[in-house]
Amino acid sequence: MKKKIASLLGILLVALPLIASAQIGPFIEAPTHETISVAGGTTPVYITNSTGTTIGAATGTASITSQPDTPRALTVVFTDANTSVLTLTVSVIGKDQWGKTRTQNFAFNDSVAGNSHTCVGKIPFAKVTSVTWFGGSGTYTGGSADKIVVQSNNRFGFVPRPFIAADVVKVTRAQAFAAPADIGTAYTLDLIENTILPTTVADTDQFDVWVAPSAVVYPAQRSPIIGAVRNTD
């Protein structure tokens with residue numbers, strides 16, 4: 001009998017610390033925020049040469065001349081001066097705001113009238129590692145006639161992950177290093193790519209995105225996290 005009691009006590013002595021250290025029951029994740037400092041708002045950040053990279057063949061690689069100032073989506077402008085190119089796909093590869101490798105393809109075709117075509121991306125890039133083009137058909141004149149420019153747009157990626165739109169409780173904007181002001185709902189939120197597109201953006205703006213998850217999260221439901229925020233990718 002004494003041996004059985006001693007054995008049970010031994011089991012309890014091992015189990016109690018484990019039970020005490022376990023996360024039991026629900027908890028609410030702490031509010032967090034991220035500051036987005038914008039170098040180019042009115043003026044885009046040019047990832048490739050601002051005057052254009054010549055498209056002289058069906059495939060090729062563009063030189064990267066600069067990196068995004070903050071994680072943000074990109075826009076590709078394709079100029080076909082003599083409307084001789086029928087199709088072309090520009091592929092951008094890089095890292096998003098979480099350091100994950102992402103690829104976005106920008107497809108152009110001659111179904112759109114005119115000689116200058118713009119394709120606006122939604123994937124935010126913190127770093128661009130390559131810009132290539134492929135799938136081209138038609139006639140390439142080279143020189144300054146056919147060219148592409150990869151530049152930033154004002155869809156900004158941020159790290160804290162809201163689960164619903166209401167989890168973004170506040171967005172502030174500081175213009176030219178002035179005091180921040182709440183912009184209310186003057187922005188578009190993309191919950192898939194985790195980006196925010198403010199209605200108005202100028203050079204040297206600073207935005208703060210405040211995220212406070214509203215749902216109670218159980219430990220068993222938690223996804224892998226980066227820092228203090230959930231990463232569901």
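Of the options T129, N109, I64, report the single residue whose Cα projects farthest towards the positive end of the charge dipole of region 53-153 (beta-carbon charges: Lys, Arg +1; Asp, Glu -1). Among T129, N109, I64, the one farthest towards the positive end of the dipole of region 53-153 is T129.
Once the C-beta distance of D208 and Q175 is scaled by a Förster radius of 22 Å, the resulting FRET efficiency is 0.95 to the nearest 0.05. Of K100/K122; K127/K170; K95/K122; K100/K147, which pairs sit farther than 24 Å apart, going by alpha carbon to alpha carbon? As for pairs spanning more than 24 Å Cα to Cα, those are K127/K170; K100/K147.
Net charge near Q206, counting Lys/Arg +1 and Asp/Glu -1 over other residues with Cβ under 13 Å of its Cβ? Result for the neighbourhood of Q206: -4.
The calculated FRET efficiency for the pair L191 and T61, based on their C-beta separation and a Förster distance of 45 Å, comes to about 0.85.
Other residues whose C-beta falls under 9 angstrom from the C-beta of H33 contribute a net charge of -1, scoring Lys and Arg +1 and Asp and Glu -1. The Cβ shell under 14 Å around T75 holds other residues with a net charge of +3, Lys and Arg each +1, Asp and Glu each -1. Residues L74, L197, arranged from fewest to most other Cβ atoms within 10 angstrom of their Cβ, appear as L197, L74.
Every number in this text was worked out from the coordinates using simple rules, so none of it is lab data. Keep in mind that what you see is a predicted model, and the values were worked out from it rather than measured. Cβ sites come from the backbone with ideal geometry, for glycine too, and all protein chains shown count toward neighbours.
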